[in-house]
Every structure is written in structure tokens, then in C-alpha cells.
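Engineer: The structure is given below, and queries will be raised subsequently.
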Amino acid sequence: MKFINSFDILKSDLQKSTTTRPFTIQGDANAVFDLKITNSAGKFYNFITGTFETNKIFSTTSATSDLSTSNVVYITAANANIKIGMTVTGSGISEEVLVTSINSQTITLNKNVDVASGATLTFKAVSGLNAQQLSNSGFYKNNIIFPTISSNDVYTILLEASIANDTELAIEDIVYDTDSNSVTYGQDITEGFTNKLFKSIVINQYVDTTITVNASSPILDGLGVDYSSNTFTIVRPRNFTNPNGFKTSFSWTFTTTSASAIIKQQEFLSDRFEATKTQTVNGATSSSKTFVLDSVDNLVVGMVVTGSGFPGGDKILAIDTINKKITIGTSRSAVDGSTLTFTGGGSLGAAAYNTDLLFTNLAISLTPLTVTVASASSNSTTLVLDNASFIQDGSTTIIKGVGIDVDETNTSITTRAAGSNSLTLSAAKSVEAGQTLTVEGTSSAVTLTGDIVLTKMGDTDFTTTLQVDDFIKIGVS
């Protein structure tokens, strides 16, 4: 009896791009095995073509262009599907013949053949490795080429000892994962063989994880303003890490209509970006601080809970991942099957998706607004403009220019008559007609800039949305 002692291949997850992964099988000299590899679509890996094929046997045909009585045949046209190692059959070929080299239309075989001109030859490649022997030194080495994918895939690699060729796998004691924090807790993690017939290995391949960064403004939506271009994505391999960070900079401008005005209401802070996750209540509760959910995935302590019976402001204080329970600070009642929304701002929202994001260098700037005086005023608090669009009155709206800046005191626009170009100033001024003035604190547009730095990517796509109305006021003037 001959034994195969080990099968070594890296089992870690694959990224989406084409990856060549080597493997080694060791054991007694001339031990025999079969190796089959399939993907989640049921396709078979063919070591000769280096691809996953629909059929277990891949074949292609070509016609000869000349008579051949040697180990070289000539085909009428180059055929990229012909590969070294394929078997060749056809009229004039009576035994197993293999392709040893290819040079355009010239095919070299491992044996002489007697093939007539115009004969059709069939070139075949069987998937997997069949009755493959270890070398005299007890080794076999090869590679598997995993293709680029557009959706997640799973590969099953099955090593089978050839009992018919007097070969078994050398078994060892089963090892179970006893780490309760491990994703494979309680599973068989034996590196070697646990039975004498076969060993099955699963390797996962994943597409990249995508973070969508966008904006929301119900007020601008109500005014019919299109700001849909203010979005971008951060795409990196799942579980990507970089201590130096992967930086994405943005500059978004929001422009309102002439019947309204934009003013800065609060600071532009990182928690204005919000990521959310919905979960379902599992079991009705009455006046309780603890709730059971169908899942606590993508929830973290500090997220705000909203939904029926939750008026807003309640935060998660604790999460019991085993029993799928959350604890909040106020007693609430929940209906079985109701949906709750959990929201985290800034880095907290990203952390719910096992992602580390830093929102930095955040800045806000209003587009400069200039106006023209329509008629002269003399020591009056009334000022008439050619056009008063985009002006929101208030103590933070400051007007400046010749005739206004006569001392160090700022002059604000106290009121603006609805639907007119007439303003009331906080102090009487004398201004000539045609004078150009600047208005600060109100504008037609605002530009938001900043950097988002990714140092760790999780394995789940998510969206973080900038809540514009939380810090920008859209005043209808």
C-alpha cells in the first residue's frame, strides 16, 4: 500500500482578479491520486486549458493541410484552443498521442502518425487530474488558475486516493476549532486527512467591496433641485487594510433655485455622514430596554434606533450577539415583526460594517453673492436692489460695500419683503444707485469639500449618506 501524506494549498479567500495558486502533494513514490476542481456553477477545472469548462472533456477540431508520416502535423489554420498535453485522435492515429508543442499551424506530437491531407483531427483535454502519479521522490506540484470574476464564486477541490492503484490517504486525528471567537468555531480544521479515501477543500473568491458615498436633502428635493452627481464610490478588495490609508477627496456643490437661499446653519462635521441598517424585531415587548432581533449583524454600540414606538434619540448601549439582543437606555414597546432602523454617524456608521473610515478636512464655503443697488438711498434703512434673489434675511446675513462700510460695525439685512427686491437694513445707510455690494452668509450655492480615508474595508457593501439639511438651511425668501 502506498500513502499520500499531505496536500498543501493556500486556502485563504481569493480577490476578484485572476490568481494563480500553486499546490503540492507529497507521499510515497508513485502513489496515485485523482484531483477534481469545480466552481459554484458546476464547471470543471481543466489543467490543460487552464480554465473552468462546462464539460468534463474539452475538445476542438482542425483539418490537416498536408500528408504527415512523422510526429509533426500541419493544420489549415491556427487554432488557439489546441494546448500542449491534449490527446489527438483521427484517421491514421491508432494509439494515444499527445501534443508536445505548438507553433502556429505546426503541431508536434509525442509519436509518429500516418495522417492524410484534409483529415480531421480531434484534440481533447480531460478536466482535473486522473490517475496522476507522484514522482519517484514522492512529490507532485502544479498550479490552479482562478479567473477574474464579476460575482462571488466558491471552488471545491476534491483529492481522491486511487484505491485501484493501491493508494490511500494517511489519516490523522481530527482537530476541531475551540476558539469561540473564531468564524470556524466548532468546525473540523484538520490540516491533514481524516479518512483514507478523500480530502475536500473549499476556497472562496469574492468581488470587491463597495462603499457608496452620496448626499440627501429633502428640502432641495422638494424644490426640484438635481444634485445626483454628488456621489462617488470607494471600491477595494474585501478585508483590505492599509495603515497609511486610501484617500478619496470630494468637492460637492449644491445650487438652489432663485426663489430660495442657502445659508450655513451649523458646522460640517463627520457625523453628518450616516450609514444605516434595518433589522426586524423578533418577539413583542412592552416597556422594555432589551429587544430580541432576527439579527444583530452590522449593529454597533452607539447607533441610534428609530421606528414604530421609538421616537428617536435612543442609542444602543449593549449588544448580545449570541442571543441577538440589544439594550437601549429607555424602556420602549415593540411589535413582533416590526422594522427598526439603526443609524450611525461618521466613523461609527462605517464601523457597523467592519470598516474604518476617517472623515477629515471637511470644509464649507458659500458661493460669493453680489448685488446691484437699484435706487439711491440717503440715510435710510431701506435698500432697493435690481435683484434680491438668494438673499435670506437674518442677523447672520451681512451686506458690505461702498456706502455700507462706514464704520467697524457689520450691517445685517433685517428683513426682505416677500417677493420684492426691497431690503431693510439693521442701520441707516446712504448708497448710490448702481453700486455693487457683496452679501455674506447667504448664497445661491454651497460647496462642501473633504477627504475620506479608508484604512480597513469590511466584507459588505454599504452606503454612507451626507444629510445636508442637518447643517445647511435652505430658506425660501
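Engineer: Could you list, ordered by first residue, the pairs with Cβ atoms under 6 Å in which the first is in segment 31-44 and farther than 17 Å from N143 by Cα and the second is surrounded by 18 or more Cβ atoms within 10 Å (Cβ to Cβ), at least 6 apart or interchain?
Structural biologist: Going by the 6 Å Cβ cut-off, the qualifying pairs are A31/K2; A31/I4; A31/L134; A31/T167; V32/S162; V32/T167; S40/D153; K43/F52.
Engineer: Report yes if K16 is assigned by TED's automatic domain parsing to the domain that holds N142, over 26 Å from the mean Cα position of the chain (by Cα) and basic (K, R), otherwise no.
Structural biologist: Against the criterion (assigned by TED's automatic domain parsing to the domain that holds N142, over 26 Å from the mean Cα position of the chain (by Cα) and basic (K, R)), K16 does not qualify.
Engineer: Here's a check for you: in segment 254-281, which residue that is crowded, with 17+ Cβ neighbours inside 10 Å, out of contact with any helix residue (DSSP H, G or I) (no Cβ under 8 Å at 6 or more places or on another chain) and among the polar types (S, T, N, Q) is nearest to T339 (Cα to Cα)?
Structural biologist: By that ranking, first place goes to Q279.
Engineer: When segment 149-192 is examined, which residues are found to be modelled with pLDDT of 80 or more, within 30 Å of the chain's Cα centre (by Cα) and of a type outside the set (D, E, K, R)?
Structural biologist: I149, S150, S151, N152, V154, Y155, T156, I157 - these are the residues of segment 149-192 that are modelled with pLDDT of 80 or more, within 30 Å of the chain's Cα centre (by Cα) and of a type outside the set (D, E, K, R).
Engineer: Keeping to segment 233-252, report how many residues are surrounded by 15 or more Cβ atoms within 10 Å (Cβ to Cβ) and without any contact (Cβ under 8 Å) to a residue 24 or more places away in the chain.
Structural biologist: 0
Engineer: Any idea how many residues of segment 310-355 are under 12 Å from V300 (Cβ atoms) and not in a loop (DSSP other than H, G, I, E, B)?
Structural biologist: 15
Engineer: Which one of these does D28 not meet: (1) under 30 Å from I171 (Cβ atoms); (2) charged (D, E, K, R); (3) under 38 Å from the mean Cα position of the chain (by Cα)?
Structural biologist: Failed condition: (3).
Engineer: Here's another thing I want to ask about it. Collect the residues in segment 377-409 that are of a type outside the set (D, E, K, R), over 15 Å from I262 (Cα atoms) and under 50 Å from the mean Cα position of the chain (by Cα), keeping them in residue-number order.
Structural biologist: Hits for segment 377-409 are N387, I399.
The values are calculated or read from the model by the stated rules, or taken from the named source; none is laboratory data. Computed from a predicted model, the values in this text were never measured in an experiment. Positions of Cβ are backbone-derived with ideal geometry, glycine not excepted, and every protein chain shown enters the neighbour counts.
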